[in-house]
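Below: the structure, in structure tokens.
The values are calculated or read from the model by the stated rules, or taken from the named source; none is laboratory data. Computed from a predicted model, the values in this text were never measured in an experiment. FYI the Cβ positions are ideal-geometry reconstructions off the backbone, even for glycines, and counts take in every protein chain you see. Please note that ligands, DNA and RNA were not included when accessible areas were found on the heavy atoms of the full protein model with its side chains. Shrake-Rupley method; radii C 1.70, N 1.55, O 1.52, S 1.80 Å.
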Amino acid sequence: MQQASANADTDAGNSTVDKTTLDATWAHLARSQVRRRRALGALAILAICVLPWVASAWTHLPWIHESLEWAGLALLILAVLGRSACMLYLGGRKGADLVTDGPYSISRNSLYVFSILAVFGIGLQTGSLLVGLILAALASLIFRWIVGEEEILLQQAFGGAYQAYCQKTPRFLPKWSLWQSPAYVTVDLQGIWKTVRDALPYFLSIPVFEAIEYAQDMGWVHPFVFLY
């Protein structure tokens with residue numbers, strides 16, 4: 001998400017944003033973020049409860065199963081690096097700035113794009129491409145909803161400048177030809193460390209799904225659905 005202060009002004013030619021309205025929008029967004037975290041938590045719990053009864057259909061081709069798991073690990077690493085890169089540009093410019101450089105020059109919601117990639121990578125730890133796609137699709141629905149909430153705030157905070165940004169930069173899918181970056185950025189090391197720390201639980205999916213697979217192989221759990 002972009003950052004906007006409660007006193008942010010719109011671009012030249014527009015009137016100052018009403019502080020009461022902006023504060024109310026911030027409060028609404030804060031509640032929405034809580035619901036977003038709860039929704040993602042519910043998705044994680046649902047996956048843990050359901051996936052022991054789902055198995056990869058690649059048992060006859062174990063190299064594909066293993067390749068999907070390694071691809072998932074690569075996506076998890078990419079997600080951590082990508083989220084950290086977003087914080088390089090976002091973390092040191094909190095306040096009234098509309099951040100449009102670096103990852104935010106090619107996608108308005110780069111942080112969420114990498115989060116979706118992480119969920120996809122987690123799903124691939126099951127050895128099933130379809131499970132990864134289903135989990136990523138469900139996460140995308142959650143993020144699309146919260147992005148809609150955030151866009152209301154950003155429009156109120158930045159007005160025409162944000163409209164121009166939306167017209168130029170894709171909402172999600174990156175457009176690499178738009179990349180632009182200043183020579184130097186102010187780095188918020190604490191913010192980057194927090195981003196990495198918050199992303200480390202992604203890797204817990206590896207032992208969790210390995211344990212599920214082991215339980216299935218030992219006959220302790222009997223899967224009912226096999227997915228490619």
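Of note:
- Working ranking of peptides 200-213, 182-195 by packing, defined as the average number of other Cβ atoms within 10 Å per residue, highest first, is 200-213, 182-195.
- Remark: accessible surface ordering of Val221, Val34 (largest first) is Val34, Val221, probe radius 1.4 Å.
- Region 181-215 and region 50-78: distance between their alpha carbon centers, rounded to Å: 20 Å
- Förster radius 25 Å - calculated FRET efficiency between Asp97 and Leu200, Cβ distance, rounded to 0.05: 0.30
- Around the amide H of Ser181, modelled in the peptide plane, lie the amide H atoms of Gly102, all under 5 Å away and 5 or more residues distant in sequence or on another chain.
- Ranking of Met218, Met87 by solvent-accessible surface, largest first: Met218, Met87 (1.4 Å probe, protein heavy atoms only, all chains present).
- Cys49/Ala183 FRET efficiency (R0 41 Å; Cβ-Cβ; nearest 0.05): 0.25
- Once backbone amide H atoms are built at 1.01 Å from N, Phe172 has Arg108 as its partners under 5 Å, excluding neighbours fewer than 5 places away on the same chain.
- Here the contact order of the chain, divided by its residue count and restricted to Cα pairs under 8 Å and six or more residues apart, works out to 35 percent.
- Helix-only mean residue ellipticity at 222 nm for the chain, each DSSP H run of n ≥ 4 adding -39500 (n - 2.57), per residue, nearest 500: -21000 deg cm²/dmol
- With Cα atoms, 0 to 90° folded angle of helix 19-50 axis to the chain main axis: 10 degrees
- Probe 1.4 Å, accessible area per residue of the chain, Å²: 53 Å²
- Scattering from the chain was approximated by placing one identical point on each alpha carbon and applying the Debye formula without solvent; log10 I(q)/I(0) at 0.08, 0.09, 0.11 1/Å stands at -0.36, -0.44, -0.63.
- Rounded, prolate or oblate (a/c below 1.5 giving rounded, otherwise prolate when a/b exceeds b/c) for region 174-228 by Cα gyration tensor: oblate
- Helix axis angle, 110-124 relative to the chain longest principal axis, alpha carbon, degrees: 0 degrees
- Using a simple spin-label model with pseudo-atoms 7 Å out from Cα toward Cβ, Arg35 and Tyr214 lie 4.0 nm apart.
- Surface/4 estimate of mean projected area, convex hull on alpha-carbon atoms of region 108-201, nm²: 8.0 nm²
- Evaluating 6.51 cos²θ - 1.76 cosθ + 1.60 at θ = phi - 60° for every residue in region 71-86, the Karplus couplings come out as 4, x, 4, 4, 5, 5, 5, 4, 5, 5, 5, x, 5, 5, 4, 4 Hz, glycine and proline recorded as x.
- Dipole of the chain, positive end: most advanced residue of Met218, Gly41, Leu68 [Cβ charges, Cα centre]: Gly41
- Accessible area ranking (1.4 Å probe, heavy atoms, ligands and nucleic acids excluded), largest first, for His28, His60: His60, His28.
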